[in-house]
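Notes follow the structure.
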Amino acid sequence: MRIAGTVVVALTWLAASLPAQDTRIAYRPELVIQVGVANLDRAIEFYTKVLEFTITERRDDLKFAHIRTNVPGLEIGLNEIADPKGTGSAVLNISVADVVAARKALEERGVRFRGETVIIPGKVALAPFSDPDGNALRLAGPPPVDKKRD
């Protein structure tokens, strides 16, 4: 019994003398937002041709593609599934320098917006729309400058 007690004391001392392990999560500067789509080709065309993002990977065997956005390290993962439900209450805000100009360009490419652009004075302009599968997207940028106040 004395040996067992000595071993326990020795192990306790050894454990206390070891440096503490770093338990923080080591995040990489990357984020992929996965969205379900009904047709991968149609989704790739929308995100690359209409929104002008870049495809970085496509795997037909897995029915997915990665799309690089305008934000370094942020990609949208397109995953073809049988019955996509859209993003529900999640909204992907796409930051642009000029919401009015970006909205006009997207409307010319056939994008239908959901309502008028919402302006929060001094804060942001928001123009909501959806991709072809109903995933909620929104242009977000600085509000237009009120020319009357200048």
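The values are calculated or read from the model by the stated rules, or taken from the named source; none is laboratory data. All figures in this text were calculated on a predicted structure; none of them were measured in a lab. For neighbour counting, all protein chains shown are included, and Cβ atoms are generated from backbone atoms with ideal geometry for every residue, glycine included.
Descriptive notes on the structure:
- Residue identified as at pLDDT 95 or above and in a strand (DSSP E or B) among Arg58, Arg103, Arg138: Arg58
- Segment 66-91: number of residues that are touching a Ser or Thr at 6+ places or on another chain (Cβ under 9 Å), not β-branched (Val, Ile, Thr) and not in a loop (DSSP other than H, G, I, E, B): 3
- Enumeration of residues in segment 111-127 that are surrounded by 14 or more Cβ atoms within 10 Å (Cβ to Cβ) and either under 21 Å from Thr48 (Cα atoms) or out of contact with any strand residue (DSSP E or B) (no Cβ under 7 Å at 6 or more places or on another chain) (or both): Val111, Phe113, Ala127
- Among all positions in segment 116-124, there is no residue which is modelled with pLDDT of 90 or more and assigned to a helix (DSSP H, G or I).
- Each residue in segment 71-100 was checked for being of a type in the set (A, V, I, L, M, F, W, C), more than 14 Å from Gly36 (Cα to Cα) and surrounded by 12 or more Cβ atoms within 10 Å (Cβ to Cβ), and 5 pass.
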